[in-house]
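*Asks:* A single structure is presented below for examination.
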Amino acid sequence: MNPYLKYLHPYPFEKLAQLKQGIVPPHDKAHIALSIGEPTHPTPHFIQETLLTHVHGLGVYPNTKGLLELRLAIAEWLSRRFQVPLTSVNPDTQILPVSGTREALFSFAQCAIDATTATKPIVIMPNPFYQIYEGAALLAGAEPYFLNTTEETRYLPDFDAVPEAVWQRCQLIYICSPGNPCGAVMGRDDHEKLVNLAEKYDFIIASDECYSELYDDESTPPVGLLQTAHWMGNSAFKRCVVFHSLSKRSNAPGLRSGFVAGDADILQAYFQYRTYQGCAMPLPTQHASIKAWQHEHHVIENRQLYREKFTAFITILSEVCTVERPPASFYVWLKTPIDDQEFAQKLFAHENLTVLPGSFLSREFNGINPGRGYVRIALVAPLDECIKSAHRIKNFLNTL
């Protein structure tokens with residue numbers, strides 16, 4: 001067996017199940033789950049209808065690159081959304097459809113990391129983080145290096161805090177903007193600094209942007225890595241790769257549809273890797289994805305639904321605690337007055353409400369666990385359930 005398997009940590013939801021084990025919550029309160037970032041808004045009908053219309057495509061092996069029409073739709077969306085000239089995004093060499101960003105974020109490291117170097121390669125990632133980054137690094141034979149994102153750093157990675165010796169061994173850095181779990185958004189200056197570091201030390205930037213379409217201010221969408229690279233004159237997106245998904249944007253997590261875009265040389269190698277991995281997107285999924293990337297109105301409506309939930313939830317909770325409205329994502333990163341695991345456990349026991357302890361999403365690094373003392377609350381439930389949840393958390397806080 002792969003010797004690196006033993007270094008993998010249990011997934012956060014395995015830990016959460018153990019934390020709740022044996023607890024019997026009150027029967028008079030229906031359970032509300034705000035722990036998993038799984039959108040529950042309806043998947044647009046046109047996506048479902050397109051899947052059915054093209055179901056005959058199940059009788060054909062799809063190719064790894066996907067339909068040209070899909071890659072063109074993605075290129076056009078990237079150009080519109082991130083103000084990059086369409087001529088700068090080549091659908092033949094700079095875009096690959098993927099079966100969801102989770103699969104791609106993991107497999108990318110297996111392709112990109114060279115574990116034969118004299119010194120063990122490093123993969124840098126934010127802390128707290130999406131645990132796929134860590135698992136991908138470990139199974140690729142690399143050493144994870146955690147960048148603590150705390151209130152003092154505005155919940156963003158501080159690249160100036162990384163020692164030069166770490167940059168010299170770095171082969172890949174994962175960034176996530178808007179961030180999971182705190183919704184912080186990297187700006188153009190943050191990207192520029194990182195692109196310059198990548199050029200100096202020759203590493204790849206893997207930018208997880210799957211929450212990019214869930215933002216609070218309709219007039220200020222989050223900046224993307226390719227957008228900044230283009231502004232800098234890096235029109236070939238050297239060392240820059242972005243990951244996008246329809247899961248959050250279009251409420252279609254079960255579609256397993258996303259894409260990777262950026263540096264053509266890197267994507268050529270990743271394409272070769274994927275021809276062996278056997279992960280081509282089914283044709284019905286590709287046709288549904290084309291329609292989704294071409295349609296923007298449902299995304300605007302989706303953002304409005306989240307704004308309504310944030311407003312209601314935060315208005316109720318702000319009466320008893322300090323709670324910040326994030327600029328993007330669908331998460332509330334709530335400080336807890338007691339240990340975060342104890343908070344989540346007792347909240348479930350008293351209110352039949354499930355949230356995720358922040359310490360399950362992070363590692364202790366440089367003497368601190370930046371997720372400790374927080375819980376992640378995913379406002380994915382319908383508005384009425386989010387309102388009920390806020391009142392239950394308020395009631396629970398009043399007992400502490």
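*Asks:* Inspect all residues belonging to region 68-86 and state whether any of them is charged (D, E, K, R) and not in a helix (DSSP H, G or I).
*Replies:* no
*Asks:* Taking only pairs six or more apart or across chains, which ones have beta-carbon atoms under 7 Å, a first residue in region 4-32 that is outside the structural domain of Glu351 (by TED's automatic domain parsing), and a second residue that is part of a helix (DSSP H, G or I) and at pLDDT below 95?
*Replies:* Final answer for the pair search is none.
*Asks:* Here's something else I'd like to know. Looking only at region 33-66, how many residues end up being of a type in the set (A, V, I, L, M, F, W, C) and in contact with a strand residue (DSSP E or B) (Cβ under 8 Å, 6 or more places away or on another chain)?
*Replies:* Of the residues in region 33-66, 3 are of a type in the set (A, V, I, L, M, F, W, C) and in contact with a strand residue (DSSP E or B) (Cβ under 8 Å, 6 or more places away or on another chain).
*Asks:* Only one residue in Leu334, Leu356 is modelled with pLDDT of 95 or more, closer than 30 Å to Leu8 by Cβ and in contact with a helix residue (DSSP H, G or I) (Cβ under 7 Å, 6 or more places away or on another chain). Which one?
*Replies:* None of the other options fit; the residue is Leu356.
*Asks:* So, in region 32-45, exactly how many residues are surrounded by 12 or more Cβ atoms within 10 Å (Cβ to Cβ) and more than 21 Å from Cys210 (Cβ to Cβ)?
*Replies:* Residues in region 32-45 being surrounded by 12 or more Cβ atoms within 10 Å (Cβ to Cβ) and more than 21 Å from Cys210 (Cβ to Cβ): 1 in total.
*Asks:* Here is a follow-up. Please list, ordered by residue number, the helices (runs of 4 or more DSSP H) wholly in region 125-233 having 3 or more residues that are within 17 Å of the chain's Cα centre (by Cα) and within 19 Å of Thr101 (Cα to Cα).
*Replies:* 131-139
*Asks:* Still on this model: Just to be sure, is Ser235 hydroxyl-bearing (Ser, Thr, Tyr) and touching a residue at least 12 places away in the same chain (Cβ under 8 Å)?
*Replies:* yes
Residue-by-condition table, conditions (1) at pLDDT 95 or above; (2) of a type in the set (Lys, Arg); (3) loosely packed, with under 14 Cβ neighbours inside 10 Å; (4) closer than 17 Å to Met281 by Cα:
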position: Thr50; (1), (2), (3), (4): yes, no, no, yes
position: Arg71; (1), (2), (3), (4): yes, yes, no, yes
position: Ile74; (1), (2), (3), (4): yes, no, no, yes
position: Trp77; (1), (2), (3), (4): yes, no, no, no
position: Val84; (1), (2), (3), (4): yes, no, no, no
position: Ser88; (1), (2), (3), (4): no, no, no, no
position: Asp92; (1), (2), (3), (4): yes, no, yes, yes
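*Asks:* A follow-up question, please. Does any residue of region 372-385 turn out to be crowded, with 21+ Cβ neighbours inside 10 Å, part of a helix (DSSP H, G or I) and among the aromatic types (Phe, Trp, Tyr)?
*Replies:* Scanning region 372-385 turns up no residue that is crowded, with 21+ Cβ neighbours inside 10 Å, part of a helix (DSSP H, G or I) and among the aromatic types (Phe, Trp, Tyr).
*Asks:* Could I ask something else about it? Please find, among Ala161, Ala140, the residue that is within 21 Å of Leu5 (Cα to Cα) and surrounded by fewer than 23 Cβ atoms within 10 Å (Cβ to Cβ).
*Replies:* Result: Ala140 is the single residue among Ala161, Ala140 that is within 21 Å of Leu5 (Cα to Cα) and surrounded by fewer than 23 Cβ atoms within 10 Å (Cβ to Cβ).
The values are calculated or read from the model by the stated rules, or taken from the named source; none is laboratory data. Bear in mind the structure is a predicted one, so any value in this text is a computation, not a measurement. In this analysis, Cβ positions are derived from the backbone assuming ideal geometry, glycine residues included, and neighbour counts consider all displayed protein chains.
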